[in-house]
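I have placed the structure first, in the form of structure tokens, so that the comments after it can refer back to it.
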Amino acid sequence: NAGVTQTPKFQVLKTGQSMTLQCAQDMNHNSMYWYRQDPGMGLRLIYYSASEGTTDKGEVPNGYNVSRLNKREFSLRLESAAPSQTSVYFCASRVPGQSYEQYFGPGTRLTVT
Amino acid sequence: AQSVTQLDSQVPVFEEAPVELRCNYSSSVSVYLFWYVQYPNQGLQLLLKYLSGSTLVESINGFEAEFNKSQTSFHLRKPSVHISDTAEYFCAVRSLTGGGNKLTFGTGTQLKVEL
């Protein structure tokens, strides 16, 4: 099992450009999440998907859109990138059941100039 | 709404010394508590968790944390640290009611172990 995979690992965008961050998990988890990590701010939830076909906003959804393509894949799209979106982005999926433990991908480091 | 406070952004410590990383949470209902570790340039990994039962929980690499309901704390301790413990540590909480499907993370504590 590969666990949670993310592509790309690194990306540099110019202000106004768009891109999609890809995430896939092979653990048959229902719930998936997108976080951003910024120095001194910890992890902040952008969007999550409790199950295939559903998505919900998290703490910082502005400027992002998501698609839960199927049970395995959950993508994050930046339609018009801004320097404030420079961050490290993590995708995670949740172990079924009552523990609420999450497995994380290796992250995508995005720089917007 | 729940929140998590990690007051120490950085904790330097010498190898083989004990360490405590502090975590306090705010929630009016029962919670699940977690500590995650992030090694340089990697994603987060679960270190240990408290769901119910014994208030002292342990990890496989010598860390332990104690759930203290009266003080709303879940501090992480290790009696003797190793260079390889250098990493960032995140405390997280999930309320058992109204928490939805989500965890709330603290801002992280960078543990730097020095020789």
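A dipole drawn for chain B from +1 and -1 charges on Cβ atoms has a positive end, and of B:Gln38, B:Ser52, B:Pro18 the residue lying farthest that way is B:Ser52.
Of the residues B:His82, B:His75, ranked by 1.4 Å probe accessible area with the largest first, the sequence reads B:His82, B:His75.
Accessible area per residue for chain B, computed on protein heavy atoms with a 1.4 Å probe, is 49 Å².
Nothing charged except the Cβ atoms of Lys and Arg (+1) and of Asp and Glu (-1): what's the magnitude of the dipole of the stretch A:1-66 about its Cα centre? Round to the nearest 20 debye. It would help to have the intermediate numbers written out before the result.
Working: 5 positive and 5 negative charges, 56 e Å.
It works out to roughly 260 debye.
With θ taken as phi - 60° and the Karplus curve 6.51 cos²θ - 1.76 cosθ + 1.60 applied, the whole-hertz 3J(HN,Hα) list for the stretch B:8-16 is 9, 7, 9, 10, x, 8, 7, 4, 6 Hz, x standing for glycine and proline. Rounded, prolate or oblate for the stretch A:2-113? Axes are the square roots of the Cα gyration tensor eigenvalues, ordered a ≥ b ≥ c, and the cut-off for rounded is a/c under 1.5. Taking the square roots of the gyration eigenvalues as a ≥ b ≥ c, the stretch A:2-113 is prolate. Cα centroids of the stretch A:50-113 and the stretch B:1-60: 23 Å apart. All C-alpha to C-alpha distances of the stretch B:11-115, sorted into 5 Å bins beginning at zero, yield P(r) values of 3, 13, 24, 25, 18, 10, 5, 2, 0, 0 percent in whole numbers. Net charge dipole, chain B: roughly 520 debye, given to the nearest 20, about the Cα centre with Cβ charges of +1 for Lys and Arg and -1 for Asp and Glu. Placing unit charges on the Cβ atoms only, positive for Lys and Arg and negative for Asp and Glu, gives the protein assembly as shown a dipole magnitude near 700 debye about its Cα centre. In this rough spin-label picture, where each label sits 7 Å from Cα along the Cβ direction, the A:Lys9-B:His82 distance is 2.5 nm. Each principal axis of the Cα atoms in the protein assembly as shown has its own extent, and those three values, largest first, are 48, 40, 34 angstrom.
Within the listed set A:Gly63, A:Gly53, A:Gly97, the residue fluctuating most in the Gaussian network model of chain A (springs between alpha-carbon atoms under 10 angstrom) is A:Gly97.
Bridgeable aspartates and glutamates around A:Lys9 (alpha carbons under 17 Å apart, same-chain partners fewer than 8 residues away excluded): A:Asp38, A:Glu73. Note that the stretch A:98-106 has calculated 3J(HN,Hα) couplings of 9, 7, 6, 5, 10, 9, 10, x, x Hz, one per residue in order, obtained from phi through the Karplus relation 6.51 cos²θ - 1.76 cosθ + 1.60 (θ = phi - 60°); glycine and proline are x. Straight Cα distances below 19 angstrom link A:Lys57 to the lysines A:Lys71, B:Lys102, with same-chain residues fewer than 8 positions distant left out.
Peptide B:30-42 has a mean of 2 when you count, residue by residue, the C-beta atoms of other protein chains within 10 Å of its C-beta. Chains A and B together bury roughly 1700 Å² of accessible area, counting both sides, with a 1.4 Å probe on protein heavy atoms only.
Averaged over the residues of A:103-113, the number of partner chain Cβ atoms lying within 10 Å of the residue Cβ comes to 2. For B:Ile60, A:Ile46, the ranking by accessible surface with the largest value first comes to B:Ile60, A:Ile46, using a 1.4 Å probe.
The values are calculated or read from the model by the stated rules, or taken from the named source; none is laboratory data. Here the structure is a predicted model, which means the values were calculated and not measured. Because the Cβ atoms are built from the backbone with ideal geometry, glycine has one as well, and the counts that use them run over all protein chains shown. For the accessible areas, the whole protein counts, side chains as well, though only heavy atoms, and no ligand, DNA or RNA atoms are used. Shrake-Rupley method; radii C 1.70, N 1.55, O 1.52, S 1.80 Å.
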